[in-house]
Amino acid sequence: MRTRVLKFGLYADEQELAWVSELVREAVGCRSARIVDEAIVGTLPGSELSAADVYDHLAEQWAVEHPAQSSGAREAVELRVHLRCSLRTWRTIRKTVIKTLCPEGMAPHICRVPWAVA
């Protein structure tokens, strides 16, 4: 097994970040994988780009889906979770997290946290 990285762009506040982190922990917990490290980054490693630059569409998505609501403390960040697991397990965990982030299927709907897979 080797270390693999899950990366999610999120437009979230602290409470929503904690929720997404818990979703990842739950997806990992029931499989033969181990979280090695978890980080929330504002500037993408190895780049001068900020998460706000890369995931600016998530803030726009929030504004369109919640026109009468303030974005509050939300900001665009990237959640990076380093896992020790096989490629097959990594793919399963990634798929599970994505389905849990926005479980309502393909029909138009509003997700709790605007997100993108990096």
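Read-outs throughout are calculated quantities, based only on the coordinates presented, and are distinct from any laboratory measurement. Every value quoted in this text rests on a predicted model; they were computed, and no experiment measured them. All Cβ positions, even for glycine, are placed from backbone atoms using ideal geometry, and neighbour counts span all protein chains on display.
Considering only the stretch 76-117, how many residues are surrounded by 15 or more Cβ atoms within 10 Å (Cβ to Cβ) and among the acidic types (Asp, Glu)? Here the count works out to 1. Please specify each residue of the stretch 70-101 satisfying the condition of being in a helix (DSSP H, G or I) and over 17 Å from the mean Cα position of the chain (by Cα). LEU87, ARG88, THR89, listed by residue number. Of all the listed residues (TRP62, TRP90), the sole one being farther than 12 Å from LYS7 by Cα and out of contact with any helix residue (DSSP H, G or I) (no Cβ under 6 Å at 6 or more places or on another chain) is TRP62.
For the stretch 14-34, the candidate set comprises residues that are of a type in the set (D, E, K, R) and surrounded by fewer than 15 Cβ atoms within 10 Å (Cβ to Cβ); within that set, the residue that is farthest from the chain's Cα centre (by Cα) is ARG34. The number of residues in the stretch 61-75 being more than 21 Å from ILE40 (Cβ to Cβ) and either aliphatic (A, V, I, L, M) or touching a Phe, Trp or Tyr at 6+ places or on another chain (Cβ under 9 Å) (or both) comes to 4.
The residue of the stretch 35-66 that is surrounded by the most Cβ atoms within 10 Å (Cβ to Cβ), among those that are hydroxyl-bearing (Ser, Thr, Tyr) and touching a Leu at 6+ places or on another chain (Cβ under 9 Å), is TYR55. Hey, among the residues in the stretch 28-69 that are in contact (Cβ under 8 Å) with a residue 40 or more places away in the chain and out of contact with any strand residue (DSSP E or B) (no Cβ under 9 Å at 6 or more places or on another chain), which one's nearest to ALA116 (Cα to Cα)? So, considering only residues that are in contact (Cβ under 8 Å) with a residue 40 or more places away in the chain and out of contact with any strand residue (DSSP E or B) (no Cβ under 9 Å at 6 or more places or on another chain), the one nearest to ALA116 (Cα to Cα) is GLU65.
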